[in-house]
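S.K.: Below you will find the structure I want to go over with you.
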Amino acid sequence: MFRNKEGEFFQDVTTAGGFGNIQKGHAVSFADLDQDGDQDIYVVMGGANSGDMYPNLLFENPYDRDGTANNWLTLVIEGTISNKKAIGVRVTVTYEENGKARNIVRDVNSGGSFGCSPFRLEIGLGKASFVERIEIFWPVTGKTQTFKNVSTNQFMKIIEGDPELYPLKIPVIDLRLSTSSEYTLPKDHVH
């Protein structure tokens, strides 16, 4: 496991983060599983055989426990003319951090075959206090939607062709309390 050190180099944090494991990993997903704005990791361990009973692993990201976390924005994008999950849509987020303009470009997809990730886009923004511009390019229609001056640290829904941004109220989940397989999200919070 490598950690990006402010864009300068990568630090090997395999041992420090407890990620080293001699078992065969079968799939990995990166997602904000506890809805707190940072990426958590879920790893399906073992092989494809049902007899391989090694438990799966969940790594909760403890990044904001000291209150100094970076900012973020999570976008749930829905197609109306395009496919409902907005697969293939290109999103460009423009912001300024420490006096430098920055663009993050992401495509909506599942992330692969083994270890798929969510369709919603979870975007880290460093210390930026707001997003200057969000551009959504819809390849089916060739149209681009643009939203300006968006606040950070929130979940937003964007609907194809709709000029409004819709804030989503998604509760933080304490994964340390959710150890039972009986826990499910309320239906109005499932995307």
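S.K.: Pairs please, first residue from the range 157-178 and outside the structural domain of I41 (by TED's automatic domain parsing), second anywhere and in a loop (DSSP other than H, G, I, E, B) and aromatic (F, W, Y), Cβ atoms under 9 Å, 6+ apart in sequence or on different chains.
M.R.: Between residues of the range 157-178 that are outside the structural domain of I41 (by TED's automatic domain parsing) and residues that are in a loop (DSSP other than H, G, I, E, B) and aromatic (F, W, Y), the close pairs are I173/Y183; L177/Y183.
S.K.: Quick one: is R102 within 24 Å of I170 (Cα to Cα), assigned by TED's automatic domain parsing to the domain that holds V150 and not aliphatic (A, V, I, L, M)?
M.R.: It is false that R102 is within 24 Å of I170 (Cα to Cα), assigned by TED's automatic domain parsing to the domain that holds V150 and not aliphatic (A, V, I, L, M).
S.K.: Turning to a different aspect of this structure: From the list T141, T184, T179, exactly one residue is part of a loop (DSSP other than H, G, I, E, B), farther than 25 Å from N98 by Cα, at pLDDT 95 or above and out of contact with any strand residue (DSSP E or B) (no Cβ under 8 Å at 6 or more places or on another chain). Which is it?
M.R.: When all the criteria are applied, what remains is T141.
S.K.: While we're on this one: Assuming K157 fulfils every condition listed in (1) over 20 Å from A31 (Cβ atoms); (2) at pLDDT 95 or above; (3) of a type in the set (K, R) apart from one, which condition is it?
M.R.: (1)
S.K.: Just checking, how many residues over the range 1-49 are in a loop (DSSP other than H, G, I, E, B), over 22 Å from F114 (Cα atoms) and at pLDDT 85 or above?
M.R.: Count: 7.
The values are calculated or read from the model by the stated rules, or taken from the named source; none is laboratory data. Source: prediction; values computed, not measured. Virtual Cβ from ideal backbone geometry, glycine too; neighbours counted across all protein chains shown.
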